[in-house]
1. Run through every distinct alpha carbon pair of the range 94-167 and return the Kirkwood hydrodynamic radius in angstroms, one decimal place.
2. Within a Cβ distance under 15 Å of Arg183, other residues only, what is the Lys/Arg minus Asp/Glu net charge?
3. Can you give me the C-alpha center-to-center distance between the range 117-158 and the range 172-217, rounded to a whole angstrom?
4. Around Asp155, what is the net charge, scoring Lys/Arg as +1 and Asp/Glu as -1 over all other residues with Cβ under 9 Å from its Cβ?
5. Tell me which of Ala166, Ala176, Leu123 sits at the most positive position along the dipole axis of the range 107-189, charges placed on C-beta atoms (Lys, Arg +1; Asp, Glu -1).
6. Based on Cβ point charges of +1 for Lys and Arg and -1 for Asp and Glu, what charge dipole magnitude is obtained for the range 121-169 about its Cα centre, in debye rounded to the nearest 20?
7. Using the Cβ atoms and a cut-off under 13 Å, what net charge is assigned to the surroundings of Leu88, where Lys and Arg are +1 and Asp and Glu are -1?
8. Could I get the Rg over Rh figure for the range 96-244? Both from C-alpha atoms, Rh via Kirkwood, rounded to two places.
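Values quoted throughout were computed directly from the atomic coordinates according to the rules given, and no laboratory measurement underlies them. Since this is a predicted model, take the numbers as computed values, not measurements. A quick note on method: Cβ atoms are made from the backbone with ideal geometry, for glycine too, and the neighbour counts reach across all protein chains shown.
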Amino acid sequence: TATPTPFPTTTPFPTALPSPTATDRPTPIRHTAWLPIALLDRCVPEAARADIALVLDLSSSMREAAGPAPGATKLDAARRAAVVFLDLVRLDRGDQVAVIGFNSTARVIQALTGDRSALERSLATLDTAAQTRIDLGIAAGAQALDGPLHRPGHDRVMIVLTDGRANPVGPEAAVAEAATAKRHGIRIFTIGLGDDLDTEALARIADRPDHFFQTADADRLAAIYAAIARRIPCPATPLENGMR
């Protein structure tokens, strides 16, 4: 019997795969998400308390005229500015203020207190004498802030006002006293009243550059003290422009 010859097996053609069709991707929509952040170091002025030393130049030049108003002296302007300052600190909530005067020596005219009447009486007794021992004033202010009347937890702040240059001891003594105070955590603001000032030394005495103020207009002293009063409880608060 004849054996049938098989037909050759055909190789199937490959099936063409369809080309992928490009699909347009949607444009992503951007959203702004506002996430609450707890600012742990945010200053709350109502919760801050401070012990403050007003260190005032009582040299003879503070008896000079402060401006065009007849009879008004730089000492009068300093008193008025200090009273404005007392209006802005929180004496009724625990803040304390001391008054220190310096010329050839330095003395604590009023120790740290929250008694507004006592502070005003001390300002009324200010008198002048020769010389400008800024170094002694800073040392006395630091002692007042470190003494037994200082309340634990209160910031310690010193505001030094002068209308002249350190004499008979040079400015380096005052800069050294300020450095010691700052190492002990005391913040220092300096105010120069007038044109004959050692601005470099006053800037070095201050604990930071924007804590030094200068004005030749005694009537602006109150505005400077007011700006400092607002800065004391919250160190990061911007100071007003034009205070130099």
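1. On the way: mean 1/r = 0.0774 Å⁻¹.
About 12.9 Å, per the Kirkwood formula over Cα pairs.
2. Working: positive: Arg156, Lys182, Arg187, Arg204, Arg208; negative: Asp146, Glu177, Asp207.
Charge balance near Arg183 sits at +2.
3. 15
4. Details: positive: Arg49, Arg156, Arg187; negative: Asp51.
For residues surrounding Asp155, the net value is +2.
5. Checking the options against the dipole of the range 107-189, the answer is Ala176.
6. Working: 5 positive and 5 negative charges, 14 e Å.
With only Lys, Arg, Asp and Glu charged at Cβ, the dipole is about 60 debye.
7. Values: positive: Arg90, Arg93, Arg116, Arg230, Arg231; negative: Asp87, Asp92, Asp95.
Surrounding charge for Leu88 is +2.
8. Details: Rg = 14.5 Å, Rh = 15.7 Å.
Rounded to two decimals, Rg/Rh equals 0.93.
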